[in-house]
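Have a look at the structure below before the remarks.
The values are calculated or read from the model by the stated rules, or taken from the named source; none is laboratory data. Computed from a prediction, not measured in an experiment: that's the story for all the values here. Ideal geometry is used to build each Cβ from the backbone, glycine not excepted, and the neighbour counts take in all protein chains shown. Side chains are part of the model used for accessible areas, which takes the heavy atoms of the whole protein and leaves out ligands, DNA and RNA. Shrake-Rupley method; radii C 1.70, N 1.55, O 1.52, S 1.80 Å.
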Amino acid sequence: MLGECGMLERDRRGLRKCSVTLCKEMVVDELFIQSLQTDDILTDSMAESILVEPTSHKRSWRLLSLLPKRGPRAFSSFCSALRDTEQHHLCALLTESPERDGERQRYMDSPLPLPFQERMVPAKRARTQESMEMCLDADSPITSSVLPCTPDFYLKHCQQSYSMVSSPRGLALVISNVSFDPCAAPDLDSRKGGEVDEEVLRKVFTELDYIVTVRRDLTAPGMRECIEQFGRRQQHQTVSSCVVCLLSHGVEGAIYGTDGQLLELDWVFEAFDNAHCPLLQNKPKMFFIQACRGEEMDCGVEQSDGPERTQSPGCEQRDAGREGEGDGDTRQTEERGRLRVKLPQRSDMICGFASLKGTAAMRNTKRGSWFIQEVNSALRFRARDTHLSDILVQVNGRIKDREGYAPGTPHHRCKEMSEFTSSLCKDLYLFPKYHPQY
């Protein structure tokens, strides 16, 4: 029997029966919607109406309200999209009935990918348990083209932001440690899925007009040498910016080399500061760190009723010089006019971290890490009209909504929270695919 607009009655009943669970657990993102658009189930306007919804629950509800009206193929395409985005448990839930035994068996033949924590393990200490959480998220890497900036947007924002007009925009370095020396670092497991992250970063920054260098499996001294050589490249003088991505196991303030030795992140930032990397003075330097910052797993807390509240206490800091000091001293004024403008030791940097201090970062063994997936997606869809600080705020929001799926284990519904620090002095727009003509 057909339901409204041609959907089979049994399919419509199945959606209605499972709607509460689907709204609670389903992840509806760009990849999921693209799958339904490819099958001609959703129009562009329908896709946009879903993705603009502010919460995951509302996106799911909007999609479920549209599907029964999209014809007899809508249900099978919906199940296919669930499978393609690794939400097999929801696909099985929809097909649990005697009349669907054959269909359910096909869907359940595919194993779930296992995301692991990027767990920090101190050297010479064995792990007490292996993380086995399975990911609820629809987390296949987004491959849609980076959306271009418009000429009007560039002209409106270029004066108040960092100059980003060079082609290439800058140099990018990706260091990805996936396999670790079993003798020198027996406690550091292989980072399955890490190779996906490095390829995702290579593609997105190449499309953003960066010259990307990818280095795999370096020891701590090897990482130091690679970073020093990268910072000395003369091409930094003629480009607008710089990107450094570090992917490895880690602890708070440091990441592991494949030899089990640590490289301090503060040294990395110092290598690109105004004193040690003069070619990048006054130019934005972007860092993305995919590594644990501790062992603690974020199990999340139940949200209490009521509006969200935030506190942002202000803190004023006095200028280095006292007010009025030397106001009438003409000689000092003239001397200051002859001096060069000085820069602080470190400025114009922004760094995104996959997790908070003391906590583990999450990585899917087939789809890569949560953080890099969200950075990739945000850059592709938002860089056209959003500056980087706001992009990383959006990444934080997407990470906040994600949770692991591993019923019966301590890792079920585990959480992660990303953060970023910034000493940027202007808005940083990447102005993708726009090159002003002079």
Next item on the list: For the range 160-249, report the accessible area per residue in Å² (1.4 Å probe, heavy atoms, rounded to an integer).
Entry: 38
Notebook entry, point to check: Of the peptides 185-194, 45-54, how do they stack up when ordered by the mean number of other Cβ atoms within 10 Å, highest first?
Noted result: 185-194, 45-54
Next item on the list: Mind checking the full-extension length gain between D39 and Q345? Use 0.36 nm per residue of separation minus the Cα-Cα distance, one decimal, nm.
Entry: 104.7 nm
Note to self: Ratio of alpha-carbon Rg to the 2.2 N^0.38 Å globular estimate for the range 26-78, to two decimals, please.
What the structure shows: 1.00
Next item on the list: May I ask for the equivalent-ellipsoid semi-axes of the range 177-220, computed as the square root of five times each C-alpha gyration tensor eigenvalue and listed largest first in whole Å?
Entry: 26, 11, 5
Notebook entry, point to check: Which net charge results for the neighbourhood of V239, defined as the other residues with beta-carbon distances under 12 angstrom from its beta-carbon, given Lys and Arg at +1 and Asp and Glu at -1?
Noted result: +3
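Given the Cα-Cα distance of V20 and N282 and 0.36 nm per residue of separation, how much length would full extension add, in nm? Write down the numbers at each step before the final one.
Numbers: separation 262, 0.36 × 262 = 94.32 nm, distance 5.18 nm.
The V20-N282 span can extend by a further 89.1 nm.
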Margin query: Please compute the Kirkwood hydrodynamic radius over the range 149-198, one decimal place, Å, based on all pairs of different Cα atoms.
Written below: 15.0
Next item on the list: For the range 157-257, go through all pairs of different Cα atoms, get the mean of 1/r, take its inverse, and jot down that Kirkwood value in Å.
Entry: 14.9
Next item on the list: Bin all alpha-carbon pair distances of the range 356-437 at 10 Å intervals from 0 and give each bin's fraction as a whole percent.
Entry: 16, 41, 28, 12, 3, 1
Item checked: Of K283/K433; K156/K400; K366/K415; K17/K69, those spanning more than 28 Å from alpha-carbon to alpha-carbon -> K156/K400
Notebook entry, point to check: According to the Cα gyration tensor, what semi-axes, each the square root of 5 times an eigenvalue, does the equivalent ellipsoid of the range 207-307 have, listed from largest to smallest in whole Å?
Noted result: 30, 20, 13
Notebook entry, point to check: Using 7 Å Cα-to-Cβ label points, what is the R413/T55 separation (nm, one decimal)?
Noted result: 1.5
Checklist line | 5 angstrom amide H check on C292, placed H, neighbours 5+ away | finding: G250, A361
